[in-house]
1. Among the residues of the range 87-101, are any under 30 Å from residue 6 (Cβ atoms) and in a loop (DSSP other than H, G, I, E, B)?
2. If you scan the range 33-87, which residues turn out to be in contact with a helix residue (DSSP H, G or I) (Cβ under 7 Å, 6 or more places away or on another chain), closer than 30 Å to residue 23 by Cα and β-branched (Val, Ile, Thr)?
3. Quick one: residue 61 ticks every box in (1) of a type in the set (A, V, I, L, M); (2) in contact (Cβ under 8 Å) with a residue 40 or more places away in the chain; (3) surrounded by 10 or more Cβ atoms within 10 Å (Cβ to Cβ) bar one, so which box is it?
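FYI, it's all coordinate maths here, none of it is from the lab. Treat the numbers as computed from the prediction; the structure is a model and nothing was measured. Glycine also receives a Cβ, built like all others from the backbone with ideal geometry; neighbour counts cover every protein chain displayed.
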Amino acid sequence: MTDDQLDMLAAELPLIKQWVEGVEKLLQERLENGTVYSNVKLVPKRATRKWGEGVDPITLLAKFADLDKVAPRSALSPAQSEKILGKVIYKDNLSEHVVQESSGMTLNFKD
């Protein structure tokens, strides 16, 4: 594929992604209503673990290890600090101590 062909295709990617999302949504709706397909089926999402109702995890965990290890205190992230303390306090007092590092590159399509 040439660079010009790839560039032309890039202009269509947002529409293609939207179409794929629509097809996936329709498939999920139909599967939930009992339709059976040969190429797709519903499966449970990956389960997340959480403490059972009525369990105090700190008390439970403290029986097996030091409290600082099982329930460590940690400082708020810069984003959490801005949300909790407010934009003005963050901007005037904290922003100069924050470093912003990109996690990588992403595609940005023309509108």
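1. yes
2. If the condition is that a residue be in contact with a helix residue (DSSP H, G or I) (Cβ under 7 Å, 6 or more places away or on another chain), closer than 30 Å to residue 23 by Cα and β-branched (Val, Ile, Thr), then 40 is the only one that fits.
3. The single condition residue 61 does not satisfy is (2).
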